[in-house]
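Dropping the structure in here first, questions after.
Read the figures in this text as sums done on the coordinates, not as results from a lab. Worth saying up front: this structure is predicted, and the values here are computed from it rather than measured.
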Amino acid sequence: MTVEQFRTAIRMAPFRPFSVRLADGGTVAVRHPEMVALHPTGRTTVVIQPNGGWHVIDLLLVTALEYGEPEGATDEGGDPPGKLAG
């Protein structure tokens, strides 16, 4: 996954919720663009979840972005705060 592909997804207007598919098969829901922080180098991103948890994701380990209402993606009731993804 390139940083430009990820930036395009979070800057889309109107925003479309999506899931980040990881190399290990896991997914992380991105439900709102204000819940994402992209590191200036573009290598990593942090996705905040509705339950207060967060995921640090290495964009080199992202295999796909899946658009539509995220199903089965980790968020509410998922991993504890601070879970490192990727």
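Relative contact order of the stretch 3-69: what whole-number percent is it, with Cα pairs under 8 angstrom and at least 6 residues apart?
Relative CO of the stretch 3-69 lands at 34 percent.
Further question: Check which residues have an amide H placed less than 5 Å from W54's amide H, if you skip close sequence neighbours.
Counting only residues 5 or more places away or on other chains, the set is Q49, G82, K83.
I would also like to ask the following. What translational diffusion coefficient, in µm²/s and rounded to a whole number, does the Stokes-Einstein relation yield for the stretch 3-69 at 37 °C and a viscosity of 0.692 mPa s, taking the hydrodynamic radius as the Kirkwood radius over Cα pairs? Provide the component values of the computation, followed by the final result.
On the way: Rh = 11.9 Å.
D = 276 µm²/s.
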